[in-house]
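Coordinate-derived values only; no laboratory data. All figures in this text were calculated on a predicted structure; none of them were measured in a lab. Methodologically, a virtual Cβ is constructed for each residue, glycine included, from the backbone with ideal geometry; neighbour enumeration extends over all protein chains shown.
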Number of protein chains: 2
Amino acid sequence: MRLPQYIRVLNTLYGESLEVVSSQQLGEMLQVTPAQIRKDLSYFGRFGKQGRGYSIKNLLAGLRQIVGLDRHWNVALVGLGRLGRAILSYPGLVPEGFEIVAAFDSNHEIIGQTVGNLKVQTVGELDETVTALDITIGIVAVPTQHAQVVTDQLVRCGVRAILNYAPIPLQAPEGVKIRSVDPVLSLQTMTYYLVNCSSPS
Amino acid sequence: MRLPQYIRVLNTLYGESLEVVSSQQLGEMLQVTPAQIRKDLSYFGRFGKQGRGYSIKNLLAGLRQIVGLDRHWNVALVGLGRLGRAILSYPGLVPEGFEIVAAFDSNHEIIGQTVGNLKVQTVGELDETVTALDITIGIVAVPTQHAQVVTDQLVRCGVRAILNYAPIPLQAPEGVKIRSVDPVLSLQTMTYYLVNCSSPS
DNA sequence: GCTTGTGAAGACCTTCACAGCA
DNA sequence: TGCTGTGAAGGTCTTCACAAGC
């Protein structure tokens, strides 16, 4: 799914007050062939004009709707260690419609603290809060050994999408979308290519 | 490239003192078909034994070598805001052979500070340090508007792989591997599926 | 009997190349 | 002329299904 990346660069172009962009230009920015971009977009509609390109504003609006960014998403954050706090303070979520509206931890030294406007709750309160605030997305930023139980709990409460920062593959039932952020996997993928694909000198 | 994920779960299994694992079991843990796993592994060699499965220890050693984890990788971290500090304190890098051996920032309030054993240097010292310490991997954790120039500088110093935390697609010359960690893209991918693939009720 | 390794088949994704429209 | 939208071609990745080996 490349639409989010398209939205990314369209946001930038929109911020630069540009009006129109071609598949050629988008392709260069994203290191993707123009044909690829046209195919991707044509699947969802006819956004472009021949001879001109795509209206940045229109395309952006169209894509944002398709990806579901024309609405607000309430998010629960579980785990308020260093990583959780970094996520909470990240300013990039709100402009895209994602708002962390509840924070949970199991450490009694952290529970009750106020971190960035939110009072940290016990994981025991998860069920009640998730339901009350209509939370559909969870972010798991707890130590590895607790990640699966936290996930199970989130799923039981009705959360449908989970962004996982723990370095293990999480299990979840059909219908629950999981995506993992794992820097070590990314680094290892790169070392693989460094070791195996370096140009002979 | 799925090898890093295989290494992940093999590490876990190894820690549980298990000896042998089948493609079936690995597949369940990773939500991948057994055939997929056998194909992946067969590309690199014949690691398994019919009727038994794969020796966890042997497979792990084999894969670690293929991915280049049988050696040590020196890493430079650029940007020591909240995110950079979270990365620096992440204990998962060293066991896999990645060591952050230098830290850089452009903020004069941060330069000179000691963060987790490392003295934060100015980005002006990047060239010298990267060369002196034989650093081949860079982590970019700076504000969006500085990410591209920092990348260019790392590339000039000879860094061959960059892990990017800034929410923009970075440009780099052929031969330099870039991988981006972007939670917002992950969230948007999930909302896309939530909005478009939810079972009709 | 159980599980691998693998050719063949199938599904999916990407690129090509061009008609058609601004 | 310039660029999109799109069938067709080409390529890659995944699954199937089974012979071979433990």
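Going from the residue with the fewest nearby Cβ atoms within 10 Å to the one with the most, A:D40, A:D127 rank A:D127, A:D40. State log₁₀ I(q)/I(0) for the stretch A:60-165 at q = 0.11, 0.16, 0.18 Å⁻¹ as given by the Debye formula over alpha-carbon point scatterers of equal weight, solvent excluded. Values, matching the q order: -0.32, -0.66, -0.83. For the stretch B:83-92, backbone phi angles converted through the Karplus equation (6.51, -1.76, 1.60; θ = phi - 60°) give residue-by-residue couplings of 5, x, 5, 4, 5, 4, 8, 6, x, x Hz, Gly and Pro being listed as x. Comment: the Cα-to-Cβ extended label point of B:K49, at 7 Å, lies 7.0 nm from its counterparts in the other copies, nearest first. Annotation note: trypsin sites (Lys or Arg not before Pro) in the stretch B:54-119 located in DSSP loop regions with a Cβ neighbour count of at most 12 within 10 Å are B:R71.
Counting only alpha carbon atoms, the long axis of helix A:56-67 and the longest principal axis of chain A meet at about 40°. For A:S22, nonlocal amide neighbours, meaning residues 5 or more places apart or on other chains whose placed amide H falls under 5 Å from its own, are A:Y54. In units of the rule-of-thumb radius 2.2 N^0.38 Å, the protein assembly as shown shows an alpha carbon radius of gyration of 1.03. Applying Stokes-Einstein at 4 °C and 1.567 mPa s to the Kirkwood radius of the stretch B:161-201, computed over alpha-carbon pairs, gives a translational diffusion coefficient of 105 µm² s⁻¹.
Cβ under 15 Å from B:F98's Cβ, B:F98 left aside: what net charge do those residues give with Lys, Arg +1 and Asp, Glu -1?
Residues near B:F98 contribute +1 overall.
I need the Kirkwood Rh of the stretch A:103-156: take the reciprocal of the average 1/r across all distinct C-alpha pairs and report it in angstrom.
After inverting the mean inverse Cα-Cα distance, the result is 11.7 Å.
Computed over all pairs of different Cα atoms, the Kirkwood value for the hydrodynamic radius of the stretch B:129-192 is 12.4 Å. With only the Cα atoms considered, the stretch B:43-117 has a convex hull volume of 112 Å³ per residue. Between the Cα long axis of helix B:3-15 and the first principal axis of chain B there is an angle of about 70°, rounded to the nearest 10.
Sites listed here are GluC sites (Glu not before Pro) in the stretch A:96-201 whose DSSP assignment is loop and whose Cβ has at most 10 other Cβ atoms within 10 Å: A:E109, A:E174.
Summing +1 for each Lys or Arg and -1 for each Asp or Glu among the other residues whose beta-carbon sits under 15 angstrom from that of A:R82 gives +1. Computed over neighbours whose Cβ is under 14 Å from that of B:R52, the net charge equals +3, Lys and Arg +1, Asp and Glu -1. Just to confirm my numbers, what's the Cα centroid distance between the stretch B:1-61 and the stretch A:94-116 in Å? Taking the Cα centre of each part, the stretch B:1-61 and the stretch A:94-116 sit 37 Å apart. Once the C-beta distance of B:V195 and B:L133 is scaled by a Förster radius of 56 Å, the resulting FRET efficiency is 0.75 to the nearest 0.05. With contributions of -39500 (n - 2.57) from each DSSP H run of at least four residues, the per-residue ellipticity at 222 nm computed over chain B stands at -13000 deg cm²/dmol. Any idea what angle helix A:183-197 forms with the longest principal axis of chain A, computed on alpha-carbon atoms, 0 to 90 degrees, nearest 10? Once rounded, one gets 40 degrees. Applying a DSSP loop filter and a limit of 16 other Cβ atoms within 10 Å to the trypsin sites (Lys or Arg not before Pro) in the stretch A:1-45 leaves A:R2.
Quick one: how many lysine pairs does the protein assembly as shown have with C-alpha atoms less than 24 Å apart and a gap of 8 or more or different chains? Give me the count, please.
6
Kirkwood hydrodynamic radius computed over the stretch B:1-84 comes to 14.0 Å, based on all pairs of distinct alpha carbons. Calculated from the alpha-carbon coordinates, chain B shows an Rg and a Dmax of 20.2, 62 Å respectively. Close amide H partners of B:F104, meaning residues 5 or more places away or on another chain with modelled amide H under 5 Å apart, are B:L77, B:V78, B:G79, B:Q121.
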